[in-house]
Ligand SMILES: Cc1cc2nc3c(=O)[nH]c(=O)nc-3n(C[C@H](O)[C@H](O)[C@H](O)COP(=O)(O)O)c2cc1C
């Protein structure tokens, strides 16, 4: 599979088999992830590969619990639904769409390790550069995984239970954890986006401007 194809065919995968992933594949995709551009060659990042069964099940529980909080927060309750009923719905929905994460064979955790190289008044720029760099590395990882038939999905549901997540994996308080992903063989690779998501895809020309912003590509 060439790079264009791996990028085009990568999809967020939310349904996994429990088929193990080989050490060789894990190492290969991590090494490709670490070839991403990194501000000032700082490599202000670290990755945790979670394979221990108890730990990965605990990661899944945190992600499912966080997902329920996300759905509760982001998807509004109907007019006659009480907050408790809505929270109950969100827990059920998270279970339905994320429950299979309990048998995902690997989780990869992407972290920013602050380098404190910029002066204090530019600390936010450094933070942005390092967050972006982790994002680039994760995208390399997603594409490299796709090329090997492995699924991933950028996931931020751990943000909703971040203290528990840090404690579980011994992540120092000053590290940021912008994104994690399951890694495993999909039950099947989604072809295209779900219809509701596909309908949201904006025509690419409206997102690209020639020479000045406000001059979308004709
Ligand atoms: C920064 C970021 C955070 C995301 N967080 C989540 C998440 O927590 N859970 C999830 O299921 N998908 C998450 N996604 C995946 C998006 O929903 C997905 O990329 C988008 O719907 C497009 O689908 P595709 O990845 O198949 O192209 C995230 C994506 C990005 C870029």
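Taken as a whole, the condition of being out of contact with any helix residue (DSSP H, G or I) (no Cβ under 6 Å at 6 or more places or on another chain) and at pLDDT 95 or above does not apply to residue 98. Of all residues in region 146-159, those satisfying the criterion of being surrounded by fewer than 22 Cβ atoms within 10 Å (Cβ to Cβ), part of a helix (DSSP H, G or I) and near the ligand (Cβ under 9 Å from one of its atoms) are 157, 159. Check residue 50 against each of (1) away from the ligand (no atom under 16 Å from the Cβ); (2) more than 18 Å from the chain's Cα centre (by Cα) and name the one condition it does not meet. Residue 50 satisfies all of (1) away from the ligand (no atom under 16 Å from the Cβ); (2) more than 18 Å from the chain's Cα centre (by Cα) except (2). Within region 174-193, the set of residues being modelled with pLDDT under 95 and either part of a helix (DSSP H, G or I) or near the ligand (Cβ under 9 Å from one of its atoms) (or both) comprises 190, 192, 193.
When region 53-81 is filtered for residues that are away from the ligand (no atom under 16 Å from the Cβ), part of a helix (DSSP H, G or I) and loosely packed, with under 11 Cβ neighbours inside 10 Å, the ones remaining, listed by number, are 53, 54. Among the residues of region 166-190, those that are in contact (Cβ under 8 Å) with a residue 60 or more places away in the chain and surrounded by fewer than 11 Cβ atoms within 10 Å (Cβ to Cβ) comprise 174, 188. Filtered by the rule that a residue be surrounded by 10 or more Cβ atoms within 10 Å (Cβ to Cβ) and in a helix (DSSP H, G or I), region 194-206 gives 197, 205. Between 139, 162, the distinction of being in contact (Cβ under 8 Å) with a residue 12 or more places away in the chain, under 12 Å from the mean Cα position of the chain (by Cα) and either surrounded by 15 or more Cβ atoms within 10 Å (Cβ to Cβ) or closer than 22 Å to residue 55 by Cα (or both) belongs to 139 only.
For region 101-113, state whether one or more residues are within 14 Å of the ligand (Cβ to nearest atom) and assigned to a helix (DSSP H, G or I). Looking for residues that are within 14 Å of the ligand (Cβ to nearest atom) and assigned to a helix (DSSP H, G or I), one finds at least one in region 101-113, hence yes. If you go through region 11-35 and keep only what is away from the ligand (no atom under 16 Å from the Cβ), part of a helix (DSSP H, G or I) and either in contact (Cβ under 8 Å) with a residue 12 or more places away in the chain or within 30 Å of residue 198 (Cα to Cα) (or both), you end up with 25, 26, 28, 29, 30, 32.
All conditions but one from (1) surrounded by fewer than 16 Cβ atoms within 10 Å (Cβ to Cβ); (2) outside any helix (DSSP H, G or I) apply to residue 47; the one that does not is (1).
Checking the stated criteria, residue 135 turns out to be closer than 24 Å to residue 42 by Cα, within 11 Å of the ligand (Cβ to nearest atom) and touching a strand residue (DSSP E or B) at 6+ places or on another chain (Cβ under 9 Å).
The values are calculated or read from the model by the stated rules, or taken from the named source; none is laboratory data. Keep in mind that what you see is a predicted model, and the values were worked out from it rather than measured. Note that we place each Cβ from the backbone using ideal geometry, even for glycine, and neighbour counts take in every protein chain shown.
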